[in-house]
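Single-structure report; data block below.
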Amino acid sequence: MAKMECSALVVSGDAQSSGALKGILSRIFGPVREASTITQAKQKIAEDAMGVVVINSPLPDEFGVDSALDIAGKNGNVSVILLVKADAYEQVQYKTRNSGIFVLTRPLKGQQLIEAGGVVLAARKKLRDLAQENMKLRRRMDELSLVTRAKCLLIGKK
């Protein structure tokens, strides 16, 4: 898979897991940064726009689900991948079901994360294309509204 210029942030309290995740994600995203707590992650997101945030829960300062929801809700341009233990998957999936967060279970094979990253990139591109189309349609509607108002004014004057 070709590497995309979409920055990523790995949030993991375990340095070994963080390094492994960074190594895998650097194959498809670039650049990839790291944070060991949600607090650090939020600071890095505020400093530099991230395209993808991968949260390896639980974290030292919290489990990670509420912050994943917060990040996904406040930052419409950020895609979130949340890694959880298999026994917590259903509960987490239920809680995040309408948020657009991708939930994956651990243990995780590198290929699974690469495939999930590919899905995230495809979804981001599709959403970006739809947003651009939406902007074009809004502009066209604004133009039509202006023309209609002008016609109404002309009719009123004559």
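The values are calculated or read from the model by the stated rules, or taken from the named source; none is laboratory data. This one's a predicted model, so the numbers in the text were calculated from it and none came from an experiment. Neighbour counts are summed over all protein chains in view; Cβ atoms, including those assigned to glycine, are modelled from backbone coordinates with ideal geometry. For the accessible areas, the whole protein counts, side chains as well, though only heavy atoms, and no ligand, DNA or RNA atoms are used. Shrake-Rupley method; radii C 1.70, N 1.55, O 1.52, S 1.80 Å.
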Q. Per the 1.4 Å probe, what fraction of the accessible area of the chain, in percent, lies on carbon and sulfur atoms?
A. 55 percent
(Q) Using Cα springs under 10 Å in a Gaussian network model of the chain, which residue among ASP14, ASP87, ASP66 shows the largest mean-square fluctuation? (A) ASP87
Q.
Using Cα springs under 10 Å in a Gaussian network model of the chain, which residue among LEU108, LEU21, LEU137 shows the largest mean-square fluctuation?
A. LEU137
**Q.** Normalised contact order of the range 36-158, rounded percent, pairs of Cα under 8 Å and 6 or more residues apart
**A.** 18 percent
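Given a Förster distance of 30 Å, report the FRET efficiency between GLU47 and LEU137 from their Cβ-Cβ distance, rounded to the nearest 0.05.
Working: r = 34 Å, r/R0 = 1.12.
Given R0 = 30 Å and the Cβ-Cβ separation, E is 0.35.
Would you mind calculating the gained length between ASP129 and SER145 on full extension (0.36 nm times residue separation, minus the Cα-Cα distance), in nm to one decimal? Each step should come with its number before you reach the end.
Values: separation 16, 0.36 × 16 = 5.76 nm, distance 2.44 nm.
Length difference between fully extended and current span is 3.3 nm.
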Q. Hey, what angle do you get for helix 15-25 against the long axis of the chain, alpha-carbon based, 0 to 90 degrees rounded to 10?
A. 50 degrees
Q. Calculated from DSSP H runs of 4 or more alone, at -39500 (n - 2.57) each and per residue, what is the 222 nm mean residue ellipticity of the chain, nearest 500?
A. -18500 deg cm²/dmol
Q. Given a 1.4 Å probe, how much area per residue of the range 16-71 is accessible, in Å²?
A. 43 Å²
Q. Can you give the extra length, in nm with one decimal, that the chain gains between GLU115 and LYS158 once fully stretched, where that is 0.36 nm per residue apart less the Cα-Cα distance?
A. 9.0 nm
**Q.** Under 26 Å from LYS22, Cα to Cα: lysines that are on another chain or at least 8 residues apart
**A.** LYS3, LYS42, LYS44, LYS74, LYS85, LYS109, LYS125, LYS126
Q) How many nm separate the modelled label positions at ARG27 and ALA122, each set 7 Å beyond the Cα in the direction of the Cβ? A) 1.7 nm
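If you add up the charges near ASN75, with Lys and Arg at +1 and Asp and Glu at -1, over every other residue whose beta carbon is less than 14 angstrom from its beta carbon, what do you get?
On the way: positive: LYS42, LYS44, LYS74, ARG124; negative: GLU47, ASP48, ASP70.
Once all neighbours under 14 Å are counted, the net charge is +1.
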